[in-house]
Amino acid sequence: MAIKDKYQDYKNWNEKRIANSRYKSLQKEAYKADKSRLKHERAYHDSQSDGYHGGEEPSVSPHLLLFFAAIAIHIFLDVYLFNLRRDGGSIPLMLGAYIVLTLFAVLFVYKSGLSSETWTIAGISLAAFLLPFINKFVNANWVTAVLILVPVWGIYLMFNPGDSTFLAGFGKWYLIIVLILGVYALLTSSIVNSQMGALPASAPADVSSAVDVIKHFFIDNTKNLGTSILGLPGKIGSKINQTFSMSYFTGQVEQNEAEPLGVYLEDLRAAEPVFYENNTIIILANLRGKSFEGVINVNNYCFINSGNKRIANGKVIPFNPELFYDESRPIECVIEDNLKKGSYTVTLLSTFDFPTWGYVEYTFVDRETRLAYYSQGKDINYELSIPRKAITTYTNGPVSIGSNIRDLPIVMYPDSYQNFGVTVANIWPQGHMDTLKTLEVHVPEGIMLENCLPKTGTTSPGDNGYTIYTFKLETPKDTFSTELCEMKFVNSDNFLNGNLKVTKTFAIKADYRYSLEKTINIRVMDI
Amino acid sequence: MNKNIFLILLALFVLTACGPAPSPYSQNYHTGTKGIELQFVGDSPPSEIYEGAFFPLAVLVTNEGATTLDGEVYKGEISYSFDSFYLTPNSPDVKREKTKIVLFGKSVRYPTGDFSLTSLPSFTVNSILGQRENPHTELFVSACYPYKTLFSDEVCIDTTSWTEDIRQTVCTAYPEVYDSQGGPVAVTEVRPEMHHVGQVVRPAFYITIENKGSGSVLAPVDKIENACEIQQDSETKKNWNRVRLSASLSNDPLNCVPEEIILHDQKGFTRCYLDEGGYGGSLNYLSTLVVDLDYVYMTSISKDISIVRSIIPGYGLSSDNKCEPWETEFNDKCIDNCDLCNQNSEYGFCGSVFKDGEYGCNCKEDECLSIIEGKKTNDVTYLNKNCIFGISLCSEGNFCCRKQ
C-alpha cells in the first residue's frame, strides 16, 4: 500500500476515534442532565403533593437505605437468628432475603436494568450468601468473628457510597478501625501466647463464641498482656539469674518419619454448639500417644476456671487410659456442676510420665595423632571420617535435652578433663513439667564423671560396660535445669586401645511427669 | 578423487594403529599411585539393618602397588573400630584383634596386583536403648602396611659446562618430572646439579617426593617386621609423616640430606650428592639413578549403618512409675495427689481451691455428697470448696476434702 494511502487510512481511523470519544462524553453529559432534571422534577412534585417547599433533596439517600437493609439482614437474620449457618431452613430464608435485597438494589437504588451493574449487585449478594460456608472448612471462632465484623454488602457500600456523604465518611473510619483492631488482636495474641500459653482451641462455628473471641482478643488479652508485661522483669530476672549461675546447653530434635513421640490432645470440641443451664457439659477430644518404650499412663482432668479461680470440676472418661506404642483414644469430659448462663473456658489437662532421651557421640583421638595430621596439612575430620561437631540429638516430646556442642575430635590430653553438661528444658508452650523425676547419664566404658554440680549422682552398672549416673535435679518449671560434671578417662593410656580414633555414644534420659493443657470456649444459655 | 584420498588415509590410520604386542617382560609394573586398597564387599556391612540382627564384615583388600607384602618381613595389618553402644562383635576378645595382610605386588605373575577377601568378625546390632527411632553408627576399617617405592631412571652426567666441548652431546642434564612408581609415595621431580671438583664432576640431585595416595604416611621404622605395632606408640607418632630415602648413581651410594624426609603439604625434598670421587672425561653420558623410598602407610574406609527399630515395645510402662494413678512420686515416695496439692498447689490438676486450707483424703462419698447438698446452687461458683468431687485425687472410695 502506498504511503499516502496508509496515511489516509490512519487519518480516517483517528478521526473516527476522536468522534466516538466526543459522542460518549456528550452522552454522559446528557445522562447527568437528565438525572438532575428528574431529581428536580421529583422534588417539585413532592413539594406540590405534601406541602413541602424548597425543593430540597430527600433526607435519606437510597444507598444509605440499602446499607441499613443489608446490615439488618446480616445482623438480625444471618448472625443472630441463624448464627451464620447454612444448613436446613436457613438456606432458603437467607437466599430469599438476599434475592429481595438484590431486587431492591437493582430496581430502586441503582436502577441498573440489565446492565453490567446488575451483575455486580447479584455477585455481591451471592458472595454474602456463600461466604458463611467457609465455616464448614475452617472451623475457627476468629473466622466467624471476621465474618461478623466485615459484612460483604456493608463493605461494598462503604466503598461505593453513591450520594450518601454519611456512608462515605462512616465507611472510611469503620474500615480503618477494624484494620487496627485486627492487627492489635493478632499482636496481643501472639505475645500473650508466648507468655501465657495456648489460645482457646477451635470450636464449631458459633456466633456467641465468636463474640466471646472478640471480647477475649480485645479485653482479656489486653488484661493478660498487661499482667505478662508487668511480670516480664521478674521472669527475665530469674532467667538471667539462672543463666549466669547455670550453663545452658542445646541440642537438636530427632526428625521422626511417622508421628512424633509424646502425648497429644487433639480435636477438642464441644458435644453441642451451645449448652443450657442445669444441663451436663460434655467436651470431646482425642488423646494420642506414641512411645517406643512401652505403655504411657495418662491421667486426665477437666475443669473450668474463671481467671485464677476454679469454678467447676469435671471428670474425664476414661480417667486413666493407657496408650500403647502408637495409639489414639477418644476421651470425654463431663461437667455436671450447674453452670449459670454465660461464657466459660473449659480446660482439659492430661498428666503423664514420659521419658525423653538425648544422644551425643564423641570421637576421641590422642594428641600425637592430631598433631601428625596437622603437620601433614591434612584434615583429620576428612581423613578419619569424623563429624565436625558433636551435637546432642534428643527424641521428640515436650522436653528438650542438650549437651555441650563440641568441635570434634576431642583430643585427649593427659591429666586433664573435659566438661560434660546436660540441660533439660520444657519446650511445649501448652504444658509444663510437674516433676523431673530423674536424669540419667549413660557413660561409656573408660570414662567417668566427677565433681558434678549442682547435684552429685549415684552410679549403677549398665549394659555393654556402661555406667549409669542418676541425678535428682530441681524441676524446671518455665526455665531449665543443668547438670555439669568433669569428664575424665579411667585410663587414658589404654583408652584408644591401639586405634587411631574411638567413638563413644553418651545417652541421657530425662524421666518426668508432664501436664498438657488445652482449652475450649463454651456458652451456656438459659432455658 | 576425494574417495581415493579418504581410502588412503584410512589405510594409513589402520596400519599405524597396529604395532607389536607388548611383552609382559617389557611392561613396567612400577606405575600407579596406589598401594593397599580397601573396599567393603556388598552388604557387609549393610547400609540398613534391624536392631538385634547380626551381619558379617568382609573387606576386599587389593595390593595395587609394586611392593609385595610377604607376611614375614613386610606385613600389613587391618584393624577396625566401632561404637559399642550400637554394635557388639560376636568374636570374643576382639578389642585388639588385627588381621594380617599378605599380598603380592604387581609383577609378571600378578599384572594388576593381588587381592584377597578378608573376613573380619561379625557384629550383632544392640537393641536400641531409649526412644530413638533411627540411629546411625559408623564402622571404620583401616590398613597399616610398610611399603617401598623404587625409582629408577637414566640421568645425564653433563660435563659440557666444564669441558666446553662444542660437539654434539649424548645428553643434557635438565630437571625431569615423574608421575608414579607403583606406590602411594612417589618421586615427582629430579633436578640434577653438576658440581666441578678439580677435574671431575660430582653430580648432585635435588629430589622431590610426594604423597600421591589417598592415605597417610606414618613413621618409618628400623624393624620392618613390627612396622605397624610401633605406630601406636606416642613417641613414634611424633615421627609420623616421614619417608626414608636412599639413592645410588651407577651403584655408587649417594649421600642424601635429609635421609628422613618430612612431608609438608604432602611434599618433601632432599638433596643427594656424591660424597667423593666424581666423573671425568670429555663426553656426557647416561647413568642410572636409583632412589628407594621406605615408609609405613595407612589407608582407611568407613561405612554408615542405619539401624531400624524392629522390636515392638512390651506392655511395661514407658516411664518408671511406682505410684498409683491418683498418686505422684514426691521425694521418692508415692503420695496422694490431694496431699501433694496441699503441699504444692502449683500442679496443673490442683487448682486454686487448695490455697485455702488443709485438705486430705478424709471423706467418703456420702460425706462429700452431704457437704455438697448443703451448698447453695444459685451461685455460678457452685463448687463446694470443702469437697473436691469428681476428680481422682485419692484412692477409690475416698475424696479430697476439708473437714470443718
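Do we find a residue being of a type in the set (S, T, N, Q) and closer than 27 Å to A:Ile391 by Cβ anywhere in segment A:336-351? There is no residue in segment A:336-351 that is of a type in the set (S, T, N, Q) and closer than 27 Å to A:Ile391 by Cβ. Residues that are modelled with pLDDT under 90, aromatic (Phe, Trp, Tyr) and over 30 Å from B:Arg132 (Cβ atoms) number at least 1 in the following strands (runs of 3 or more DSSP E) confined to segment A:243-309: A:281-306.
Listed here are the strands (runs of 3 or more DSSP E) enclosed by segment B:244-291 that have at least 2 residues being away from chain A (no Cβ under 14 Å) and of a type in the set (A, V, I, L, M, F, W, C): B:255-257, B:267-273. Looking only at segment A:307-347, residues that are among the hydroxyl-bearing types (Ser, Thr, Tyr) and facing chain B (nearest Cβ under 8 Å) come to 1 in all.
For segment B:205-224, a residue qualifies if it is more than 14 Å from every other protein chain (Cβ to nearest Cβ) and surrounded by 20 or more Cβ atoms within 10 Å (Cβ to Cβ), and the qualifying residues are B:Phe205, B:Ile207, B:Val221. Against the test of being out of contact with any helix residue (DSSP H, G or I) (no Cβ under 7 Å at 6 or more places or on another chain), touching a residue at least 12 places away in the same chain (Cβ under 8 Å), surrounded by fewer than 23 Cβ atoms within 10 Å (Cβ to Cβ) and more than 19 Å from A:Ile520 (Cα to Cα), the options A:Glu332, A:Glu327 yield a single qualifying residue, A:Glu327.
Within segment A:358-405, if we keep just the residues that are surrounded by fewer than 22 Cβ atoms within 10 Å (Cβ to Cβ) and of a type in the set (S, T, N, Q), the residue that is farthest from the other protein chains (Cβ to nearest Cβ) turns out to be A:Asn404. Among the residues of segment B:215-237, is any part of a strand (DSSP E or B), at pLDDT below 95, in contact with a Leu (Cβ under 7 Å, 6 or more places away or on another chain) and closer than 18 Å to B:Ile101 by Cα? Checking segment B:215-237: at least one residue is part of a strand (DSSP E or B), at pLDDT below 95, in contact with a Leu (Cβ under 7 Å, 6 or more places away or on another chain) and closer than 18 Å to B:Ile101 by Cα.
Here's the yes/no breakdown for (1) part of a loop (DSSP other than H, G, I, E, B); (2) within 11 Å of chain A (Cβ to nearest Cβ); (3) modelled with pLDDT of 85 or more:
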{"site": "B:Thr62", "(1), (2), (3)": "no, no, yes"}
{"site": "B:Ala66", "(1), (2), (3)": "yes, no, yes"}
{"site": "B:Tyr74", "(1), (2), (3)": "yes, no, yes"}
{"site": "B:Glu77", "(1), (2), (3)": "no, yes, yes"}
{"site": "B:Ser84", "(1), (2), (3)": "yes, yes, yes"}
{"site": "B:Val94", "(1), (2), (3)": "yes, yes, no"}
{"site": "B:Glu97", "(1), (2), (3)": "yes, yes, no"}
{"site": "B:Ser107", "(1), (2), (3)": "yes, no, yes"}
{"site": "B:Ser116", "(1), (2), (3)": "no, no, yes"}
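Restricted to segment A:436-451, and to residues there that are touching an Asp or Glu at 6+ places or on another chain (Cβ under 7 Å) and in contact (Cβ under 8 Å) with a residue 60 or more places away in the chain, the residue that is farthest from the other protein chains (Cβ to nearest Cβ) is A:Leu439.
Please verify whether A:Ser375 is free of Cβ contacts under 8 Å to residues at least 60 places away in the same chain and within 30 Å of B:Val243 (Cα to Cα), treating the condition exactly as stated. Taking the combined requirement at face value, the residue satisfies it.
Scanning segment B:40-49 for residues that are loosely packed, with under 14 Cβ neighbours inside 10 Å and in a strand (DSSP E or B) turns up just one, B:Glu48. Just need a number here: residues in segment B:136-160 that are touching a His at 6+ places or on another chain (Cβ under 8 Å) and facing chain A (nearest Cβ under 10 Å). Residues meeting the conditions: 0. Among the conditions (1) in a loop (DSSP other than H, G, I, E, B); (2) among the aliphatic types (A, V, I, L, M); (3) modelled with pLDDT of 70 or more, A:Val60 misses just one, which is (3). Does at least one position in segment A:420-443 carry a residue that is surrounded by 23 or more Cβ atoms within 10 Å (Cβ to Cβ) and touching a Cys at 6+ places or on another chain (Cβ under 7 Å)? The answer is yes, given that some residue of segment A:420-443 is surrounded by 23 or more Cβ atoms within 10 Å (Cβ to Cβ) and touching a Cys at 6+ places or on another chain (Cβ under 7 Å).
The values are calculated or read from the model by the stated rules, or taken from the named source; none is laboratory data. Here the structure is a predicted model, which is why all the values come from computation and not from measurement. Please note: Cβ atoms are built from the backbone with ideal geometry, for glycine as well, and neighbour counts cover all protein chains shown.
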